[in-house]
1. Relative to the Cα centre, what is the charge dipole magnitude of the range 248-364, using +1 at the beta carbon of each Lys and Arg, -1 at the beta carbon of each Asp and Glu, and rounding to the nearest 20 debye?
2. Apply the Karplus parameterisation 6.51 cos²θ - 1.76 cosθ + 1.60, with θ equal to phi minus 60°, to every residue of the range 92-99 and state each ³J(HN,Hα) to the nearest whole Hz, in sequence, with x for glycine and proline.
3. Please report the carbon-and-sulfur percent of the accessible area for the chain; probe 1.4 Å, protein heavy atoms only, DNA, RNA and ligands left out.
4. Compute the projected area of the convex hull of the Cα atoms of the chain, averaged over all viewing directions, and report it in nm² to one decimal place.
5. If you fit an axis through the alpha-carbon atoms of helix 3-13 and take the longest principal axis of the Cα set of the chain, what angle between them do you get, 0 to 90°, nearest 10?
6. Quote to one decimal, in nm, the extra length available between F167 and I361 on full extension: 0.36 nm per residue of separation minus the C-alpha distance between them.
7. Any chance you could check the Cα centroid distance between the range 289-341 and the range 227-254 for me, in angstrom?
8. How large is the Kirkwood hydrodynamic radius of the range 235-364, counting all unique pairs of alpha carbons, in Å?
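The values are calculated or read from the model by the stated rules, or taken from the named source; none is laboratory data. Quick caveat: nothing in here was measured; it's all calculated off a predicted structure. Note that each Cβ is placed from the backbone with ideal geometry, even for glycine, and that neighbours are counted across all protein chains shown. Quick note on the areas: whole protein, heavy atoms, side chains included, nothing else; ligands and nucleic acids left out. Shrake-Rupley method; radii C 1.70, N 1.55, O 1.52, S 1.80 Å.
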Amino acid sequence: MLVKDITNYLESIAPLSLQDSFDNSGLLIGSPMSSVTKALITLDVTEKVINEAISKKCELIIAHHPIIFKSLKKLTSSNLTEMLVIKAIKSDINIYAIHTNLDNIIGGVNNILASKLGIKNIRILSPKSGGLSKIVCFCPSDYADKIQKAMFDSGAGNIGNYDSCSFTLNGTGTFRALEGSTPYVGKINQLHKEDEVRIEVIVADYKITNVINAMIKEHPYEEPAYDIYNLQNSNTMIGAGIIGELDNATPIEKYLKEVKQILGTKYIKHNKLIDRPVKKVAICGGSGSFLIDAAAKNKADLFITGDVKYHEYFEHAGNMTIADAGHYETEHPVKELIYALLKENFPNFALQISEESANPISFM
Ligand SMILES: [Zn+2]
């Protein structure tokens, strides 16, 4: 197996183009062509984790947090990052990060957190704007169904919990085949009119190439006509945080105690507890206080995340409880998620969740 076999698969689920602009996901150290027999999955890359990879003969570390975040201009062991990068390179260890691209998809980090915390009927809390396009293509009427299906099968036409979304319109296409062409219908140098169908589908930008290729493959014309429009719409399938509901409204203290136990967190810091049972819960694993307002706007009773700052606890007091259950505690389930994703596709590949990946924060 090559490193790229693993990373290409992970990127088919969480494309790098979906990472936030500040992020640095992807292969950070090594080569896509390196062969790999065993991979180690971790939240962070620390010296202990690199030593673990060496002793367990893992040629690849798959981490959630990118070890290289800011640009490196030299490698002289002058700080921890430089030391770790040098150690990994000297030890022939490839390091791959799957970070906000995995946070920003349905089925990502917050998904596994939601299922652990009993949150159902989930949707993205803060959908990303942009990243969506409309493809319009024109084909002979007889081919419309086949082409439409090929476009759906390759990833077009998904809106919320619906797939196969499209709009079609019958019309007349015209063209004149010039010397050197081999037209599917019509004669050289004669204007031809053909009954055609206009097919419109919505598509996430990262799937455009796939969809266009699938459409062209089924299209009978030598030069299929199609347009790609950029859309301003938000993509409800891509974005930060998740919001959903508990099966039953639960007293907030009772639910937070359950959260504490499930996540294995010692303390939950929170603002004023709301004086009603909690039903609607928003979550963002890791550092998610930037979503406090989005959670309140979506009428969450409770927002669970990590890294909430002092002043943020004043916000929405009485209307929504903000609970900081810890960055590590709300994010470490990502290791299980990466493990499960890879095991599903590569059942025989040797994979291990790091035993050295640990919370750097201690409590006394
Ligand atoms: Zn994080």
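1. 420
2. 6, 9, 7, 10, 10, 10, 10, 10
3. Here it works out to 51 percent.
4. Dividing the Cα hull surface by four gives the mean projection, 23.5 nm².
5. For helix 3-13, the angle is close to 80 degrees.
6. My answer for the length gained is 64.5 nm.
7. The range 289-341 and the range 227-254 have Cα centres spaced 14 Å from each other.
8. 15.9
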